[in-house]
Amino acid sequence: MNELLGAGGTIGIIVIAFVAILILSVFFTLVPVTLWISAMAAGVRVSIFTLIGMRLRRVIPSRVVNPLIKAHKAGLDIGINQLESHYLAGGNVDRVVNALIAAHRANIELTFERGAAIDLAGRDVLEAVQMSVNPKVIETPFIAGVAMNGIEVKAKARITVRANIDRLVGGAGEETIVARVGEGIISTIGSSINHAKVLENPDMISQTVLAKGLDSGTAFEILSIDIADVDIGKNIGAELQTEQAQADKNIAQAKAEERRAMAVASEQEMKAKVEEMRAKVVSAEAEVPLAMAEALRTGNIGVMDYMNYKNIQADTGMRDSISKVGGDQHLTDDKKD
């Protein structure tokens, strides 16, 4: 009996120990004691129930408490509820707190609400604060413009910008700045009468572009626009004139070919008409013997009349032969002379 009681007591002790270990593991899982001790040591008052509530709301306590300790040490007045709500909204709590600390050290006015809004908008709020302190230089590619004399001028610019905290939410990005500056460079070069003026005074481009207020509606403030390089491109005016002359030449050739084709067609038409008239003449000549035969049968002409007609034909033929021989002899004499 005593042995049974001893064995039962040992089992009970083991069960109690197991239950105690289970309770402690659940407790330390729900309650981050080490984090609570760190917060108390840093002077940040966070209750155990608040940490348990974070666990129940599926919030990682360290992602909220550690930035809270950092903000408290930096002298910022931020509540734990603000940080937790930003975490639940999907924001980066640590980055927002770092940005607030950097802005506080640089005497830049930045509230937690604005920093959280910038972070939730998808922009890097810490980088924006750093850019406000240390301006960023954006280098454009070579931008080509054509002066009034037809010479192409290529310019490369360096744009020094500073982040505008107030316009980070909803403001345009770097691509808009580069596009606007490129548009201003092209407009300035295009309004120059001679490309030599642009080469002599490249600062004319930056002054003209800066005067247009290109940073309106963007998340940046343009501090300066410096022309890094200016180069001469093609003679666009000459190329356009050459192409126009070639086009005019092609048009003239086409029109001349059209007129030549019309002349050839007209010549062929006239030849056809000549052949037609010859055919008519031959046809008419073929009717003459028939008419004379009919006249002889009907007695309209006599035999003597017919003989006189034949003599006249022979005489005409002889005269034609003599004239042809005389003409050929005259041409031969001219060649000998």
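Some notes on this structure:
- Residue count for region 18-58, restricted to those that are of a type in the set (Val, Ile, Thr), outside any helix (DSSP H, G or I) and at pLDDT 75 or above: 2.
- Some residue of region 201-211 being among the small types (Gly, Ala, Ser) and modelled with pLDDT under 80: yes
- Residue that is surrounded by the fewest Cβ atoms within 10 Å (Cβ to Cβ), among those in region 204-227 that are of a type in the set (Val, Ile, Thr) and touching a residue at least 60 places away in the same chain (Cβ under 8 Å): 227
Yes/no per residue for (1) surrounded by 21 or more Cβ atoms within 10 Å (Cβ to Cβ); (2) farther than 29 Å from residue 51 by Cα:
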position: 92; (1), (2): no, no
position: 96; (1), (2): yes, no
position: 114; (1), (2): no, no
position: 127; (1), (2): no, yes
position: 130; (1), (2): no, yes
position: 134; (1), (2): no, yes
position: 139; (1), (2): no, yes
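- Selection status of residue 63, closer than 26 Å to residue 174 by Cα, among the basic types (Lys, Arg), part of a helix (DSSP H, G or I) and modelled with pLDDT of 85 or more: no
- Comparison of 92, 134, 107 shows that the only residue that is on the phi > 0 side of the Ramachandran plot, polar (S, T, N, Q) and more than 25 Å from the chain's Cα centre (by Cα) is 107.
- Residue list for region 100-112, restricted to those being surrounded by 19 or more Cβ atoms within 10 Å (Cβ to Cβ) and not in a loop (DSSP other than H, G, I, E, B): 100, 101, 102, 103, 112
- Test for residue 83: is it closer than 22 Å to residue 165 by Cβ, touching a Lys or Arg at 6+ places or on another chain (Cβ under 9 Å) and outside any helix (DSSP H, G or I): no
- Condition check for residue 105: farther than 22 Å from residue 43 by Cβ and either modelled with pLDDT of 90 or more or in the same structural domain as residue 39 (by TED's automatic domain parsing) (or both): no
- Consider region 228-253 and keep the residues that are small (Gly, Ala, Ser) and either surrounded by fewer than 10 Cβ atoms within 10 Å (Cβ to Cβ) or at pLDDT below 85 (or both). The one that is farthest from residue 190 (Cα to Cα) is 245.
- For region 40-59, the set of residues classified as free of Cβ contacts under 8 Å to residues at least 12 places away in the same chain and in contact with a Phe, Trp or Tyr (Cβ under 9 Å, 6 or more places away or on another chain) consists of 47 only.
The values are calculated or read from the model by the stated rules, or taken from the named source; none is laboratory data. Since we're looking at a predicted model, the values are computed, not measured. Glycine gets a Cβ as well: all are built from the backbone with ideal geometry, and neighbour counts include every protein chain shown.
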